[in-house]
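Structure first, then comments.
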Amino acid sequence: VARLRRRHLALGMAPPPVVVATAEAVAPAASPGGVPARTAALFRKYDADGSGGLSFAEIEKALCEDFPSMPAYAREHLPVAFKQYAEGETLSLPGFMKMHAAFLFRNFDVDANGVLDLAEAEAALTWFANGSPPQIAVPPPPR
């Protein structure tokens, strides 16, 4: 970051903004098979019937409950994403991990432009930090 800041200043450009947030590190021991513990816990929570796989009805109900203000285009994409990541009629844990990551991006990309702007990134970071707002540090403009 310091090198990038110096380069911007040398070129007469404003230094890039710096975003600082806290996040929970997932130790390899806490994530068997490379699945973060938080993702595995969500999978178990969403698996209402305990079958070890998620039906479309289970994941749709759970995501709509967890994200009541989900943008319409994210909600409309749920069946498409389910079909993309499911194996037949069931979503396995590895498939859920991929679908959930794609869903989170769509959920926080409120204006559906394919990019998280600062406000959208702050909302995502706040969600990932369990409601703790991120600390945004923006360097002062060059003199």
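Computed quantities for the displayed model
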| read-out | value |
| --- | --- |
| Test: residue in region 70-79 that is surrounded by 14 or more Cβ atoms within 10 Å (Cβ to Cβ), touching a Phe, Trp or Tyr at 6+ places or on another chain (Cβ under 6 Å), at pLDDT 85 or above and outside any loop (DSSP other than H, G, I, E, B) | no |
| Inter-residue pairs, beta-carbon under 8 Å, first touching a residue at least 24 places away in the same chain (Cβ under 8 Å) and over 10 Å from I59 (Cα atoms) and in region 77-100, second part of a strand (DSSP E or B) and open to solvent by 40 Å² or more (accessible area, probe 1.4 Å), 6+ apart | none |
| Search result, residues across region 1-60 that are exposed (fewer than 10 other Cβ atoms within 10 Å of the Cβ), closer than 30 Å to P142 by Cα and modelled with pLDDT of 70 or more | A10, L11, G12 |
| Some residue of region 88-101 being crowded, with 16+ Cβ neighbours inside 10 Å and touching a Pro at 6+ places or on another chain (Cβ under 7 Å) | no |
| Filtered residues of region 56-68 (kept if touching a helix residue (DSSP H, G or I) at 6+ places or on another chain (Cβ under 9 Å) and not hydrophobic (A, V, I, L, M, F, W, C)) | E58, E60, K61, D66 |
| Near pairs, Cβ below 7 angstrom, 6+ apart or cross-chain, from region 49-63 (within 11 Å of T90 (Cβ to Cβ)) to any residue that is open to solvent by 60 Å² or more (accessible area, probe 1.4 Å) and assigned to a helix (DSSP H, G or I) | F56/P79 |
| Residues satisfying the stated conditions in region 85-143, i.e. farther than 24 Å from Y46 by Cβ, aliphatic (A, V, I, L, M) and not in a loop (DSSP other than H, G, I, E, B) | L118, A119, A121, I136, A137 |
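The values are calculated or read from the model by the stated rules, or taken from the named source; none is laboratory data. The model shown is predicted, which means the values in this text are computed figures rather than measured ones. Don't worry about glycine lacking a Cβ; one is built from the backbone with ideal geometry, like all the others, and counts go over all protein chains shown. Remember, those area values only see protein heavy atoms, side chains included, never the ligands or the DNA or RNA. Shrake-Rupley method; radii C 1.70, N 1.55, O 1.52, S 1.80 Å.
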